[in-house]
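Novice: Take a look at the following structure, please.
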2 protein chains.
Amino acid sequence: MKKLPLLFLLSAFSLSAQSNDEQVLKDIYKLSLTNAKCYSWLDDLSNKIGPRLSGSENAQKAVEYTKKQLETLGLDKVYLQELMVPKWVRGEKETASIQDGKTKTNVPVCALGMSIATSKKGLTANVIEVHGIKELAELGEDKIKGKIVFYNRPMDPENIETFRSYGGCVDQRFAGAKEAAKFGAVGVIVRSMNLRLDDLPHTGTMSYGDLPKGEYIPAAAISTNGAELLSKTLAKNPDTKFFLKQSCEQFEDVVSYNVVGQIEGSEHPERIMTVGGHLDSWDLADGSHDDGAGVVQGMEVMHILRQLNYRPKNTLRVVLFMNEENGGRGGDKYNELAQTNNENHIFALESDSGGFSPRGFSFECNDANLKKMQSFTALFEPYLIHSFVKGHGGSDISPLQSKNMIKAGLKPDSQRYFDYHHAANDRFDAINKRELELGAATMASLMYLVDQKGIED
Amino acid sequence: MKKLPLLFLLSAFSLSAQSNDEQVLKDIYKLSLTNAKCYSWLDDLSNKIGPRLSGSENAQKAVEYTKKQLETLGLDKVYLQELMVPKWVRGEKETASIQDGKTKTNVPVCALGMSIATSKKGLTANVIEVHGIKELAELGEDKIKGKIVFYNRPMDPENIETFRSYGGCVDQRFAGAKEAAKFGAVGVIVRSMNLRLDDLPHTGTMSYGDLPKGEYIPAAAISTNGAELLSKTLAKNPDTKFFLKQSCEQFEDVVSYNVVGQIEGSEHPERIMTVGGHLDSWDLADGSHDDGAGVVQGMEVMHILRQLNYRPKNTLRVVLFMNEENGGRGGDKYNELAQTNNENHIFALESDSGGFSPRGFSFECNDANLKKMQSFTALFEPYLIHSFVKGHGGSDISPLQSKNMIKAGLKPDSQRYFDYHHAANDRFDAINKRELELGAATMASLMYLVDQKGIED
């Protein structure tokens, strides 16, 4: 460890374990609220670099920027993991309109990520509205062939956690085109994954699965207001037509990188704990919430622990994954290398749910470890962190499979997340500095506690 | 009660008490997230009416609008409480500049509410920077006389709850002018009560207390960026001058109203429970968070309970107070009438901390009642409401003094509140519909539980 003072200088080190933990968390939150770098890092990532879709020049700039910043923190090692990523380019701004007899109304759309283009003239067809993939089989080829399938199942407003509503809808976006193509559809339009009514189309990845290339059909998202209008127009005039023009293109895979920074463990250097988010973002905005926030919070965890001169028992790594949005290749590569090197991961923490006020964590682990994590609850109460529940860790860390390991996801307040998710307004001005810093402090606190207490075998 | 069906139709009424309560809360949250009116009411209040400073035409429009809306809900009684309110008018937009030798830099300022104007030419004077009222006595009249006192103590970023930081600073705004005048100051400039650095001045009320009228001096807020610049400039050049021009004016008091809507209790009509917020706002924006949100959430509580055909044991009142911002006359009048009519208030709930994601409540009550309120915690956990703590109820309900009564304040997430508080950006677009609705549901749930379980004597 470079430039590390010999003494382990946490304040109040002589106190009992519990009150020492209390004091360490106090120091962590104080540092994060008064001396963090995460907000200015995010300002750079969002405003100096901008959108960072895999394979783009900006994604490469983000690799270089974050590596350089990590190198200033006095970690033991900062390095890149090379991988190949897909390169999909949106091209010209999409256009679309609802054609109700002679009345033509333009509506906001965007191509779904990985979709093919329409022809240069665009695609015009009749529309069949459905509320889910299952309906396709009920309708049958007769009613679908030659038409654009319009998936219009909205996110369920009744769930308290909005990610649950997303999970209940996103199959339309991901697999809607593949399934509709099987019934002879010529394109799909998907209602944006957004709980509010507005004029922003929300992109996101889709897949043609094992469909033969010749059967691919174009897929686009429509704003929620646009979806409401299309649905109303169709109800009045079933012969309504839809026009869509998009010119996106899939190129050959290109080289890219995960960025990793490491502090070696003093007692169990072979036990690895990771923290991080994903470097790539969608192309419509700078991706400040998804997932610029997670990237800079992961970096901030290292910054805070270094400022405290904390010497971890286990090896701590910040991992900034590439290509979460349209491939997950960074998570796969990280896991592949972990397996090749026979690494033992005991803990992986991901922040990929936005930079909003932190509320707790979800844990993917066995019951003994869940209980252990929940035993920390009281320590977090002064910081208004209450929710320690079983649940998904995160998509970048999901390939990791070390025995008994804990995968954890930061859970920020989810109410506003889908107002911005994959849309043109996911920008730096939607970030509150304190909320971002509180998230980083909450992550650093959990990393500290797990490093100190270990996990259950 | 008008048009109320004879049956008490809460779903699952036959279940046990605890699981019935669970079901009622489920119904309340579901209704609020799917069928609430609060967001569209707030849209009207904010975008059709706008800023609602006491004594203004808009404040009167808000009285009429909310009364009319309450009359659509099928309550037993909707009425006004007449009162006199101060009428302070900002006048022309203020101007200010920092004058460092020959360099003049304009900075964003606004008059503090209830301040006097400068002369028509404006005020130019040297500046003395302080970090609190106490410093005035240390400096003494020699160093203050003839100068503008610049209060520059920032809000403390270390507190998790931002209202605590506000409480640690706001004496500068409220009493800064009165105290500085005693040492011969000619004006005061106060750093805006804002945790972030930006260009918005935040107004708010101040008072000259018992100072003779001839000794009043003008008081204005400066944006946090402006305060930083002024401080830096003074450090380099102590002879820096400050120019301020404002033309605000205090008029005679005018008639205004509290708006009250009531459902009579079926078992204890003499026991009163209130819920609400304040109708007036500052004049720089439409006051969507402060306190349009509290107003429409209070109204929504009645709307939800009426939709459930809930027949309360106690008398429930929504009270929309006038003049919280610069006088508190509405709260005083409500209390005066309650005393005159010998009313027994057992519970009063206020929402005046913004329309953000609800986190819990603060309770002003005896220990037995605090314990009782905390016994509801488990019922709220599915809605991510965790914080049931001792604390301030709210300023409009603070005059009420019935024996053993509970005063409660809704506690939303506080991190973003002072980004908007009393500034030109406290507008409807800063409101998230779901967060507003979740707050209303949380309030309705507590009203239901207290109505059912009563309070401890």
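Novice: Checking the a/c ratio against 1.5 first, then a/b against b/c, what shape does the Cα gyration tensor give for the range B:91-247? Provide the component values of the computation, followed by the final result.
Specialist: Values: a/c = 1.27, a/b = 1.11, b/c = 1.14.
The shape class here is rounded.
Novice: Output the 0 to 90 degree angle, nearest 10, between the alpha-carbon long axis of helix B:171-182 and the longest principal axis computed from the alpha carbons of chain B.
Specialist: 40 degrees
Novice: For each pair in A:Lys147/A:Lys213; A:Lys371/A:Lys407; B:Lys120/B:Lys143; B:Lys37/B:Lys407; B:Lys120/B:Lys241, compute the distance between the two Cα atoms and list the pairs where it is over 21 Å.
Specialist: Pairs exceeding 21 Å: B:Lys120/B:Lys143; B:Lys37/B:Lys407.
Novice: Amide H neighbours of B:Leu349 under 5 Å, at least 5 residues apart or on other chains, H built in the peptide plane: list them.
Specialist: Result for B:Leu349 returns B:Thr274, B:Val275, B:Gly276, B:Ala408.
Novice: For A:Lys147, what accessible surface area do you get with a 1.4 Å probe? Give it in Å², rounded to 10.
Specialist: 60 Å²
Novice: Right, another one. Given label points at 7 Å from Cα along Cα→Cβ, what nm distances, shortest first, separate A:Asn344 from the same residue in every other copy?
Specialist: Shortest to longest, the spacings are 6.8 nm.
Novice: Roughly how many Å is it from the Cα centre of the range A:122-193 to that of the range B:126-156, as a whole number?
Specialist: 65 Å
Novice: As a test, work out the antiparallel percent of DSSP beta bridges whose residues both lie in the range B:91-247, rounded to the nearest 5.
Specialist: Antiparallel: roughly 55 percent of the beta bridges in the range B:91-247.
Novice: Please determine, in degrees from 0 to 90 and to the nearest 10, the orientation of helix B:433-453 with respect to the longest principal axis defined by the Cα atoms of chain B, where the helix direction is its Cα long axis.
Specialist: Long axis of B:433-453 versus the principal axis of chain B: about 50 degrees.
Novice: Something else: Taking the Cα centre of chain B as origin, work out the dipole magnitude from +1 charges on Lys and Arg Cβ and -1 charges on Asp and Glu Cβ, in debye rounded to 20. Provide the component values of the computation, followed by the final result.
Specialist: On the way: 53 positive and 61 negative charges, 112 e Å.
For this selection, approximately 540 debye.
Novice: So how do B:Leu195, A:Leu80, B:Leu70 rank on accessible area, 1.4 Å probe, biggest first, that is with the largest at the start?
Specialist: The ranking, largest first, comes out as A:Leu80, B:Leu195, B:Leu70.
Novice: First check a/c for the range B:246-344, with a ≥ b ≥ c the square roots of the eigenvalues of its C-alpha gyration tensor; if it is under 1.5, answer rounded, and if not, answer prolate when a/b is larger than b/c or oblate otherwise.
Specialist: Cα axes put the range B:246-344 in the oblate bin.
Novice: Same structure, new question: Compute the normalised compactness of the protein assembly as shown: alpha-carbon radius of gyration over 2.2 N^0.38 Å, N being the residue count. List each step's numbers first, then the result.
Specialist: Numbers: Rg = 29.5 Å, N = 914, 2.2 N^0.38 = 29.3 Å.
Taking the Cα Rg and dividing by 2.2 N^0.38 Å, one obtains 1.01.
Novice: What 222 nm value per residue comes from the helices of the protein assembly as shown, counting each DSSP H run with n ≥ 4 as -39,500 (n - 2.57) and dividing by all residues, nearest 500 deg cm²/dmol? Write down the numbers at each step before the final one.
Specialist: Numbers: 26 runs with 290 residues, N = 914.
The per-residue figure over the protein assembly as shown is -9500 deg cm²/dmol.
Novice: While we're here: What is the mean number of Cβ atoms from other protein chains located within 10 Å of the Cβ atom of each residue in peptide B:411-419, rounded to a whole number?
Specialist: Shielding by partners across B:411-419 averages 4.
Novice: Rg and Dmax in Å for chain A, alpha carbons only: what are they?
Specialist: So, for chain A, Rg and Dmax equal 23.3, 80 Å respectively.
Novice: What value does the range A:206-284 have for Rg/Rh, both radii from Cα atoms and Rh as Kirkwood defines it? Show your work: numbers first, answer last.
Specialist: Numbers: Rg = 22.8 Å, Rh = 18.8 Å.
Ratio value, two decimals: 1.22.
Novice: Continuing with this model, one more query. Where along chain A is the Cβ that lies nearest the axis linking it to chain B, and how many Å separate them?
Specialist: A:His386, 2
Novice: For the range B:45-141, with only Lys/Arg (+1) and Asp/Glu (-1) charged at the beta-carbon, what is the dipole magnitude about the Cα centre, in debye rounded to 20?
Specialist: For the range B:45-141, the charge dipole is close to 480 debye.
Novice: Could you state the angle between the C-alpha long axis of helix B:134-144 and the longest principal axis of the C-alpha atoms of chain B, as a value from 0 to 90 degrees rounded to the nearest 10?
Specialist: So the helix axis and the longest Cα principal axis differ by about 30 degrees.
Novice: For a quick check of your reading of the filter: which GluC sites (Glu not before Pro) in the range B:338-409 sit in a DSSP loop and have no more than 10 other Cβ atoms within 10 Å?
Specialist: none
Novice: Collect residues whose amide H, placed 1.01 Å from N in the peptide plane, falls under 5 Å from the amide H of B:Phe361; neighbours closer than 5 in sequence don't count.
Specialist: Hits under the 5 Å cutoff: B:Ser387, B:Phe388, B:Val389, B:Lys411.
Novice: Local charge sum around A:Leu230 (other residues, Cβ-Cβ under 12 Å, Lys/Arg +1, Asp/Glu -1)?
Specialist: So the environment of A:Leu230 carries a net charge of +1.
Novice: Could you give each residue of the range B:375-386 its phi-based ³J(HN,Hα) in whole Hz, using Karplus coefficients 6.51, -1.76, 1.60 with θ = phi - 60°, and x for Gly or Pro?
Specialist: Result, rounded to whole Hz: 5, 7, 3, 4, 5, 8, 4, x, 9, 6, 9, 10.
Novice: Determine the per residue accessible area of the range B:102-225 with all protein chains present and a 1.4 angstrom probe, expressed in square angstrom. Let's see the in-between values first.
Specialist: Values: 5430 Å² over 124 residues.
Accessible area per residue: 44 Å².
Novice: OK, next. Pop out the ³J(HN,Hα) list for the range A:203-217 in order, Karplus 6.51 cos²θ - 1.76 cosθ + 1.60 with θ = phi - 60°, rounded to Hz; leave Gly and Pro as x.
Specialist: These are the phi-based 3J(HN,Hα) values: 7, x, 7, 9, 9, 8, x, 9, 4, x, 3, x, 9, 4, 10 Hz.
Novice: In nm to one decimal, list the spacings between the B:Glu71 label point and its equivalents in the other copies, with label points set 7 Å along Cα to Cβ, shortest first.
Specialist: 7.3
Novice: A follow-up question, please. How many nm is it between the label spots at B:Asp198 and A:Tyr79, if each spot is 7 Å from the Cα in line with the beta carbon?
Specialist: Taking the two extended label points, one gets 4.4 nm.
Novice: With a cut-off of 8 Å between alpha carbons and a minimum separation of six or more residues, what is the relative contact order of chain B in percent?
Specialist: 21 percent
Novice: Taking a ≥ b ≥ c as the square roots of the Cα gyration tensor eigenvalues, with a/c under 1.5 meaning rounded and otherwise prolate when a/b beats b/c, else oblate, which class fits the range A:323-411? Can you show the working numbers first?
Specialist: On the way: a/c = 2.89, a/b = 1.49, b/c = 1.94.
Oblate, because a/c is 1.5 or more while a/b does not exceed b/c.
Novice: Okay, moving on. Compute the signed sum of charges (Lys and Arg +1, Asp and Glu -1) over the other residues within less than 13 Å, Cβ to Cβ, of A:Ala378.
Specialist: -3
Novice: Please report, as a whole percent, how much of the solvent-accessible surface of the protein assembly as shown comes from carbon and sulfur atoms (probe radius 1.4 Å).
Specialist: Values: 17520 of 35340 Å².
Looking at the protein assembly as shown in its full context, I get 50 percent from C and S.
Novice: Would you kindly derive the ³J(HN,Hα) couplings of the range B:287-303 from the backbone phi angles with the Karplus curve 6.51 cos²θ - 1.76 cosθ + 1.60 (θ = phi - 60°), listing them in order in whole Hz, with x for Gly and Pro?
Specialist: My calculation for the range B:287-303 gives x, 5, 7, 10, 9, x, 4, x, 4, 6, 5, x, 5, 5, 4, 5, 4 Hz in order.
Novice: With a 1.4 Å probe, how much accessible area is buried between chains A and B, both sides summed, in Å² to the nearest hundred?
Specialist: That pair hides around 2700 Å² of surface in total.
Novice: With a Förster radius of 60 Å, plug the Cβ-Cβ distance of B:Thr34 and A:Ser16 into 1/(1 + (r/R0)^6) and report the FRET value to the nearest 0.05.
Specialist: After rounding to 0.05, the efficiency reads 0.75.
Novice: Which whole-angstrom value gives the distance between the alpha carbon centres of the range B:207-263 and the range A:409-457?
Specialist: Each part reduced to its Cα centre gives a spacing of 38 Å.
Novice: I've got another one for you. If the only charges are +1 at each Lys and Arg Cβ and -1 at each Asp and Glu Cβ, what is the size of the charge dipole of the range B:91-247 around the Cα centre, to the nearest 20 debye? Could the numbers behind the result be given before it?
Specialist: Details: 21 positive and 19 negative charges, 114 e Å.
In total the dipole reaches around 540 debye.
Novice: Report, by chain and number, residues whose modeled amide H sits under 5 Å from the one on B:Tyr208, excluding near sequence neighbours (fewer than 5 apart, same chain).
Specialist: none
Novice: Excluding B:Trp88 itself, what net charge comes from residues whose Cβ is under 12 Å from its Cβ, given Lys and Arg +1 and Asp and Glu -1?
Specialist: So the surrounding residues net to -4.
Novice: Restricting to DSSP loop positions (anything but H, G, I, E, B) with no more than 16 other Cβ atoms inside 10 Å of their own Cβ, which GluC sites (Glu not before Pro) remain in the range A:147-207?
Specialist: Details: sites: A:Glu158, A:Glu161, A:Glu179; in loops: A:Glu158, A:Glu161.
Loop-located and lightly packed - A:Glu158.
Novice: Would you mind pulling out the separation of the Cα centroids of the range A:369-399 and the range B:273-313, in Å?
Specialist: Answer, in whole Å: 35.
Novice: Along the Cα→Cβ direction, 7 angstrom out, place labels at B:Glu270 and A:Leu139. What is the inter-label distance in nm?
Specialist: 6.6 nm
Novice: Follow-up. Within the range A:416-457, which residues have the backbone N less than 11 Å from the label spot 7 Å out from A:Lys403 along Cα→beta-carbon, could you tell me?
Specialist: So the set is A:457.
The values are calculated or read from the model by the stated rules, or taken from the named source; none is laboratory data. Nothing here was measured: the structure is a model prediction, and the numbers come from that model. We place every Cβ from the backbone using ideal geometry, glycine too, and count neighbours over all the protein chains shown. The protein model used for the area step is the full one, side chains on, heavy atoms only, and it has no ligands, DNA or RNA in it. Shrake-Rupley method; radii C 1.70, N 1.55, O 1.52, S 1.80 Å.
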